[in-house]
C-alpha cells in the first residue's frame, strides 16, 4: 500500500509518529554509543594517569626503602662501633684507675703521720667515687646500646636479698638504721644479675637518704606477679619530683648521716629504670613528704627451678691475724705497665715473692720448667699478643703438678667471662681492684689451699 492510498489522517499521523520515534531511538543509540566511546577513552586516560602515578609512587617507595636500608646499615655499623668502643673503654679507662688504687694503698703504708694517711684516704675516696661514676656511665651506655641483654631464668628472691643485705647491713647499722626483711619464698622470671643490681641501687638509696628509722624490704603476691618493695622512713619525695628522680644526675638532699661523704651521683635510679625496661619489669614509687617512700618492682612469678638448692650462706672472706702472704710466691700475669708497677709495690709491701708475665709464653717460662711453683696466680684477661687470661690459666693448670688457686682480675665484667671463670674454678675480681679486698681474697685462697 502506497501513501496515496491512505486517506485516514489519524492513521497517517500515527505512522509519522512511529517513524519519528524510531529515528529518535536510533539517534539516541548513536549518542549513547558515542558517549560510551568517550567514557571509555576518558577511563583509559585516567587508568594511564593512575598507572603512571602508581609507578612513580612505587619507584619513590623503592628509593625510600633503599635509603632506609642504607641508614639502617649505617646505624648498625655505628652501634657495632659503639659496642666495640664500650668494650675497649671498660678495659682501657678502668686500667689506669686500677693502677691508681693499688698505688694509693702502697702510698698509705709508707706514711708515718696520721695527717698524711688522712690525705691518702681522701684521695682513695675520690678514686672510689670516680670508679663508681665511670662504671655507672658505662653500664648506662651499654643498656642504651642494647649490649647488655637479659638472660631470663626462674630466680629465687631470698638468696639475692640475703647476699645484698650481708653487704649493706653494716652500712645501715653504722647510721643507726634498722634493716629488716619480710619476703615470701618465691621465684621471678628475670635476669639474676640485673635484678640484683636494681635492688642494690634501691636499697643503697634508701639507706643513703634515710636519717632515722630504717628500711624494710618485702615481697607480696599480686595475682601472677610478685611485687618487691623497698620501704624507707626517709624525708619522702614531692609528687612533682617523683618522675624526675629516674633521670640522670637528678639528686635529692642527703640525710645528715651521709652529708659528710658528699652527695650521690644521681645515676642509681636511672640505672634501675633502664634495667627494668630491659627486663620488661615495672618500677614505680609512692612517697609522702616527711613520712618516707616505697619503691616497687613488679615481675612475673614462676615456679622454682629443680636445680635450686638452698645452701647455707657462705661466711665473708676475712684476713685472720695469723694469716699472712709473707714469703708466698705469686705469679702476676698483666700487660699494663702502670698496673704492673703498682702490683710490684703492693706485693713487696706484703712480703711476697713474685714473678711477672705479660703473655701466655712468658707465664709458662716463669715456671722455670717446674722449678718455681706459685702459691697463687693473679691474671688479667687481655694480655700481650692477643692472649687471653682464661686461656693462659687453662694452659698453666695443665702444666702445674698440683692445682694452684687463681684470681682473674679484669675490667671485663661480662657475664660470659664470669661464667668462664666459674668453669675454670677461679675467682673473678672486677677492676679496679681494692687492695684490701685483693689481699683478703689472696690470703684466703693461699691459706685454704694448704
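The values are calculated or read from the model by the stated rules, or taken from the named source; none is laboratory data. The shown structure was predicted, so the numbers you read here are calculated from the model rather than taken from an experiment. Cβ: placed from backbone, ideal geometry, glycine included. Neighbour counts: every protein chain shown.
Things to note:
- Which listed residue is at pLDDT below 85, over 24 Å from residue 191 (Cα atoms) and surrounded by 12 or more Cβ atoms within 10 Å (Cβ to Cβ), from 292, 252: 252
Every residue, every condition in (1) surrounded by 13 or more Cβ atoms within 10 Å (Cβ to Cβ); (2) part of a helix (DSSP H, G or I); (3) modelled with pLDDT of 70 or more, yes or no:
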residue	(1), (2), (3)
85	yes, yes, no
100	yes, yes, yes
112	no, no, yes
116	yes, yes, yes
119	yes, yes, yes
125	no, yes, yes
129	yes, yes, no
136	yes, yes, no
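- Looking across 387, 380, one residue alone is in contact with a strand residue (DSSP E or B) (Cβ under 6 Å, 6 or more places away or on another chain) and either surrounded by 18 or more Cβ atoms within 10 Å (Cβ to Cβ) or closer than 26 Å to residue 104 by Cβ (or both). It is 380.
- Checked against the criterion of being in a helix (DSSP H, G or I) and surrounded by 16 or more Cβ atoms within 10 Å (Cβ to Cβ), the candidates 365, 416, 421, 409 yield just one match: 421.
- Scanning the stretch 191-223 for residues that are more than 14 Å from residue 172 (Cβ to Cβ), in contact (Cβ under 8 Å) with a residue 60 or more places away in the chain and touching a strand residue (DSSP E or B) at 6+ places or on another chain (Cβ under 6 Å) gives a single hit, 219.
- For residue 221: the one exception among (1) at pLDDT 75 or above; (2) surrounded by fewer than 16 Cβ atoms within 10 Å (Cβ to Cβ); (3) not in a strand (DSSP E or B): (3)
- Checklist (1) over 30 Å from residue 337 (Cα atoms); (2) at pLDDT 75 or above applied to residue 145, failing item: (2)
- Checking residue 436 against (1) in a helix (DSSP H, G or I); (2) within 19 Å of residue 394 (Cα to Cα); (3) at pLDDT below 85, the condition it does not meet: (2)
- Looking across the stretch 349-362 at every residue that is at pLDDT 90 or above and part of a helix (DSSP H, G or I), the one that is farthest from residue 439 (Cα to Cα) is identified as 361.
- Only listed residue being modelled with pLDDT of 85 or more, in contact with a strand residue (DSSP E or B) (Cβ under 7 Å, 6 or more places away or on another chain) and under 22 Å from residue 329 (Cβ atoms), chosen from 393, 399, 424: 393
- Filter result (crowded, with 17+ Cβ neighbours inside 10 Å and assigned to a helix (DSSP H, G or I)) within the stretch 327-339: 339
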